[in-house]
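Okay, so here's the structure we're looking at.
The values are calculated or read from the model by the stated rules, or taken from the named source; none is laboratory data. Treat the numbers as computed from the prediction; the structure is a model and nothing was measured. Don't worry about glycine lacking a Cβ; one is built from the backbone with ideal geometry, like all the others, and counts go over all protein chains shown.
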Amino acid sequence: MDASLNPFRNRLAGTAIVMSIASTGFLILVAWRSPGDGGWRLDETTYAVLTSLLSTVISIGILSLIWEYFLRRSYARSLHHYLSLKSSLVATGLTEVSDTNEEQIDLHTELGRASRIRCIARNPIDWNLRHLNAVMKAAQSREVHVEIVVPNPDGLHLAAVASSLGLGEQDLANNISTAIDTIKTRWQQANVVASNSTIQIATLDNPLYDATVVDDLAVIELTVSTNHRPGRSGLAFRFDGQGRVAAWVRSQFDEAKVGPALWAAPPGSRDYFRSQV
């Protein structure tokens, strides 16, 4: 409804105007009869009380008019924007946004109690440094299923992926090989046979972003698409629950055309994730 057609608002504004005008008139009359010599005058106490009361009424009236005609609409717009933003956040499940060069999104607690962990790690050495210890502890303590997707070291797009990370093609290939060897060694040393945990490392020809899915939680990290300069920041987004964005991130793993597993444990184990689809 147009504010000018709101009867309550119009009555309130009219009342404020009448009160301000009437109080101003009375204040002039009181000032005319201020304490002093000659004719009928107010005593000092009555004069002080009346001037304070009428000044307060005038101030309230003026403030009411300022609120109604200048501030209410701005406040309403801000409130509407806030509620719309909150609705969008709830719908998407977005709970955190972080600069990848500053306080990165901490998944240690979530990894420690997870049962399904999947990641797209364009530079898997970095992923290992941040998350592998928590994954190993979880896999030792109970049944956990892990899938790590890395760039295909023999793929046609490895140079482009390396460029987007600020690395040379051979540097990225070496990082992938080193990271896989580290994961193999840590998994074999962890003695996870009793927990029935599984892990597989697969490849993707042209991963465009980093993503980690921990049960229903999803984190996606974005940097510039090409010619990334080392030290340049990116953005990480965390989505919780059953929001549509978290579901979309999870679907990327099922829809991705991953190559055969580079390594899996136990040897010959089934593809836990795609056998569930």
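Of all residues in the range 117-146, those that are within 23 Å of N191 (Cβ to Cβ) and free of Cβ contacts under 8 Å to residues at least 24 places away in the same chain have Cβ atoms under 9 Å from Cβ atoms of residues that are part of a helix (DSSP H, G or I) and of a type outside the set (A, V, I, L, M), 6 or more apart or on another chain, in N133/H108; N133/R186.
Listed by first and then second residue, the pairs with beta-carbon distance under 6 Å, at least 6 apart or on different chains, first residue in the range 196-224 and under 15 Å from D254 (Cα atoms), second assigned to a loop (DSSP other than H, G, I, E, B) and among the β-branched types (V, I, T), are A202/V258; L204/V258. Cβ-Cβ distances below 8 Å connect the following pairs, each with a first residue in the range 30-58 that is assigned to a loop (DSSP other than H, G, I, E, B), a second residue that is modelled with pLDDT under 70 and hydrophobic (A, V, I, L, M, F, W, C), and a separation of six or more residues or different chains: R33/W40; R33/L42; S34/L42; P35/L42; L42/V30. Would you call V135 under 30 Å from Q170 (Cβ atoms), modelled with pLDDT of 90 or more and of a type in the set (V, I, T)? It is true that V135 is under 30 Å from Q170 (Cβ atoms), modelled with pLDDT of 90 or more and of a type in the set (V, I, T).
Looking at the range 112-146 only, could you name the residues that are in a loop (DSSP other than H, G, I, E, B) and closer than 15 Å to I220 by Cα?
Taking the range 112-146 as the starting set, the residues that turn out to be in a loop (DSSP other than H, G, I, E, B) are 113-115, 121-123, 142-144.
Matches in the range 112-146: A121, R122, N123.
In the range 147-163, which residues are part of a helix (DSSP H, G or I), surrounded by 21 or more Cβ atoms within 10 Å (Cβ to Cβ) and in contact (Cβ under 8 Å) with a residue 40 or more places away in the chain? Passing the criteria: only V161. Scanning the range 169-195 for residues that are of a type in the set (D, E, K, R) and without any contact (Cβ under 8 Å) to a residue 40 or more places away in the chain yields E169, D171, D181.
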